[in-house]
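These notes are about the structure you will find just below.
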Amino acid sequence: MTSFGRTSGLVAIVRRSLAKAPEDRYPNAEALARALEQEPLSGMSPRSRTMAIAAAAVVVIAIAGIGVALWKRQSSVVTPGNDSARALAALPSENVSTRPAPTPPPPAANPTPAARGTSASAAVPDGPRATIKMVLTGSYPFEVRQNGRLVREASVSHEFSWPSDGRLTLYSEDYFLDKQIEVKLQRGGVMRESAPELGEVYFKGNESCLILHEGRSLNLYVKQDLPRMASGWHEFQFKCANGATPPPVKVLVSSGPRREIDVR
């Protein structure tokens, strides 16, 4: 065989080794070796024969390296154990921009007072509650009451916020004070009130008559000095030891000169 024939035979072996389709290539290195052995190389020098076999071996190694590189690249995209990646790869492509926007859920209805675990009367109204600022002063200590209930301890001045309409009472047992004031609720408003000034009253006449103030005994008798009391109308009764029954007396006490009343 000529040198050209030997060369064309080697070219055919190399081309088959580089075939694109796997079924067209040699199935393994042993088959490639047999093909090289069957190629008549008798006219070649030992050195040329060795170089031809080495070249064929390089081709086989290069093919194997390319196959390994392709396998690693494919494994990095979808690994055999990555089920979710395979599932995503199997999904058909879809244009996200053509998807309809998700419909938002309907707003939850406002829970009723019963659903919140409270009664309708206990519901908190919207916004700040209206209050009125109370400023109460006097020249002597007095309490603030509502319907007989103590609201503020005795003091010469009181300043507090009050949240409702109604009546408050300025009260002092020592100074015979029992004055009611009407409160009208006004947001941001201020109500100022003063306890009445003190005055004096004096009873003269039957010395055996015990003096009562609106039904309460003062343990004092006619012609004895009474304590000073808040200005205003006061009613007095009398119990006399000699059996006399003087009529009750209503007296307007003021901060001016002492009033003197004759008891018969």
Output the relative contact order of region 132-194, whole-number percent, from Cα pairs under 8 angstrom with separation of 6+ residues. 40
ARG258-SER194 pseudo-label distance in nm [points 7 Å out on the Cα-to-Cβ vector]: 2.4
Exceeding the 18 Å Cα-Cα cut-off - candidates LYS179/LYS239; LYS133/LYS184; LYS179/LYS204: LYS179/LYS239; LYS179/LYS204
Please list log₁₀ I(q)/I(0) at q = 0.12, 0.16, 0.17, 0.21 Å⁻¹ for region 198-263, using the Debye equation with identical point scatterers on the alpha-carbon positions. -0.26, -0.46, -0.52, -0.80
Let me have the relative contact order for region 198-263, percent, based on Cα pairs under 8 Å that are six or more residues apart. 43
Peptides 216-223, 228-235: what's the order by average Cβ count within 10 Å, highest mean first? 228-235, 216-223
q = 0.12 Å⁻¹, region 132-194: log10 I(q)/I(0) [Debye, one scatterer per Cα]: -0.25
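Read-outs: derived from the displayed coordinates by stated rules, not from any lab. These numbers were taken from a predicted model, which means no experiment stands behind them. Cβ atoms come from the backbone with ideal geometry, glycine included; neighbour counts cover every protein chain shown.
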